[in-house]
Amino acid sequence: MEHKITEDEAALYDRQIRLWGLEAQHRMRNASILVAGMRALSNEVCKNIVLAGVGSITILEHETVTEEDLGAQFFLRQEDIGRNRGEAAAEKARLLNPRVNVIVDKEDIAQKPTSYFSQFNVVCLTGCSPEQTIRIDDACRETKTGFYTAGVHGFFGYVFCDLTHHEYREEIKETSLDKGKEPETTTSHLSQDYDSLASTLETSWGYPKPKALKRKVSPLFFAIQILWLFQLAHGGRLPQVSSQDDLEALFKLRDERLQSAQVDGGFVDNDLLQTLVGTVSAEIAPVCAIVGGFLAQDILKTLSGKDAPLLNYFLYNGIEGTGLVHHVQKKNA
């Protein structure tokens with residue numbers, strides 16, 4: 001059943017409506033979003049999406065709260081230890097905006113059939129295994145469901161977006177030379193196509209010079225890929241900080257991946273991988289806030305149909321203080 005914006009909601013969301021228009025707010029008010037995996041990053045995403053006034057948000061989480069979760073997850077409290085993460089977080093999320101329907105699903109995402117994801121407008125995964133992430137992205141492409149996956153590993157974070165084919169509008173104000181005349185607004189209807197996650201992992205770059213390649217993509221892009229390859233080869237687990245064997249395995253995967261991608265072997269140095277592994281399991285609150293804020297804003301942009309969403313990677317390096325957007329296609333050379 002379609003929900004129409006009430007007068008009370010128009011007053012509540014007045015600033016947003018002024019920014020992106022009543023039609024965009026109406027689309028968001030009727031949208032259904034899945035957030036899978038309740039981590040510090042997804043706390044940020046849920047907070048921003050709920051405050052924006054979407055129709056419903058489903059939190060898919062089968063794990064329970066541990067003491068380690070309390071460090072960066074602001075939805076959780078000491079008394080939540082032992083409870084389902086999704087249930088505990090949902091209670092606090094509902095208080096932010098009672099108009100949003102916050103649903104909890106306590107099943108394991110690995111047990112969900114591909115048909116499950118078609119009921120949502122946008123699917124957002126955090127902390128999901130690479131194997132499941134690729135499976136769900138492929139499922140979302142079949143039904144043209146918006147797909148995001150994101151993660152934070154200590155000082156580093158990433159967002160990947162796959163909307164298959166997305167249509168949107170852009171408004172441009174053109175100032176007049178006549179001082180007494182109001183600026184005219186022209187609306188353009190545009191679209192952009194997306195590559196699947198699996199295809200971006202097979203990109204061939206054609207051995208460009210390192211400086212030329214850095215203008216196209218960050219070394220962090222490959223470092224995250226190498227981390228995924230490690231997880232695929234080790235049953236989904238992350239490398240251990242104290243394990244020299246894990247570090248050597250990462251170096252080997254780095255060499256193999258860069259060779260297959262036709263990238264100079266020195267493009268991803270040992271220091272970057274060692275730094276990544278050093279905090280790979282850590283959730284640093286400011287990094288989660290930055291990456292989560294970017295991710296939530298882009299989801300809302302997708303739902304609104306106004307302006308171009310992320311195409312298709314956002315990579316954040318907290319050590320350098322940089323956030324870069326890269327468009328990675330299967331053939332980027």
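The values are calculated or read from the model by the stated rules, or taken from the named source; none is laboratory data. Since the structure is predicted, the reported quantities are computational estimates derived from the model, not experimental observations. Methodologically, a virtual Cβ is constructed for each residue, glycine included, from the backbone with ideal geometry; neighbour enumeration extends over all protein chains shown. SASA here: full protein model, heavy atoms, side chains in, ligands and nucleic acids out. Shrake-Rupley method; radii C 1.70, N 1.55, O 1.52, S 1.80 Å.
Arrange the residues Ser281, Ser242 by how much accessible surface each exposes, largest first, with a 1.4 angstrom probe.
In descending accessible area the options line up as Ser242, Ser281.
If r is the Cβ-Cβ distance from Thr143 to Lys331 and R0 is 35 Å, what FRET efficiency results, to the nearest 0.05? Let's see the in-between values first.
Values: r = 26 Å, r/R0 = 0.74.
For R0 = 35 Å, the calculated efficiency reads 0.85.
More than 17 Å apart: what percent of Cα pairs in segment 205-278 qualify?
For segment 205-278, the share of Cα pairs beyond 17 Å comes to 39 percent.
What net charge do the residues around Ala282 carry, taking every other residue with its C-beta under 13 Å from that of Ala282, with Lys and Arg at +1 and Asp and Glu at -1? Present the calculation step by step, with values, prior to reporting the outcome.
On the way: positive: Arg39; negative: Glu68, Asp69, Glu283.
Once all neighbours under 13 Å are counted, the net charge is -2.
So how much slack lies between Ser281 and Glu171, counting 0.36 nm per residue of separation and subtracting their Cα-Cα distance, in nm?
Contour length minus the Cα-Cα distance gives 35.4 nm.
Can you compute the helix-only [θ] at 222 nm over the chain? Use -39500 (n - 2.57) per DSSP H run of at least 4 residues, normalise by all residues, nearest 500 deg cm²/dmol.
-12000 deg cm²/dmol
Please give every one of the lysines within straight-line cross-link reach of Lys112, meaning a C-alpha to C-alpha distance under 24 Å, and leave out same-chain neighbours fewer than 8 residues apart.
By straight Cα distance, Lys112 reaches Lys144.
Please compute one quarter of the surface area of the Cα convex hull for the chain and express it in square nanometres.
Details: hull surface 78.1 nm².
Dividing the Cα hull surface by four gives the mean projection, 19.5 nm².
Got a sec to turn the phi values of segment 240-246 into Karplus ³J(HN,Hα) couplings, 6.51 cos²θ - 1.76 cosθ + 1.60 with θ = phi - 60°, whole Hz, x for Gly and Pro?
My calculation for segment 240-246 gives 8, 4, 8, 9, 5, 4, 5 Hz in order.
Enumerate the lysines that Lys4 could reach by cross-link, defined here as Cα to Cα under 20 Å, with residues fewer than 8 away along the same chain left out.
Partners found: Lys301, Lys306.
Between segment 279-333 and segment 1-61, what is the C-alpha centre distance in whole Å?
Taking the Cα centre of each part, segment 279-333 and segment 1-61 sit 19 Å apart.
What lysines could a cross-link reach from Lys331, if we take a straight Cα to Cα line under 18 Å and drop same-chain neighbours fewer than 8 places away?
The qualifying lysines are Lys209, Lys214, Lys216.
Considering only DSSP beta bridges whose two residues both sit in segment 100-190, what percent are antiparallel, to the nearest 5?
Antiparallel bridges make up about 75 percent of those DSSP assigns within segment 100-190.
Considering only C-alpha atoms, what is the centroid distance from segment 229-268 to segment 192-228, in Å?
15 Å
Per residue, how much accessible area does the chain have with a 1.4 Å probe, in Å²?
48 Å²
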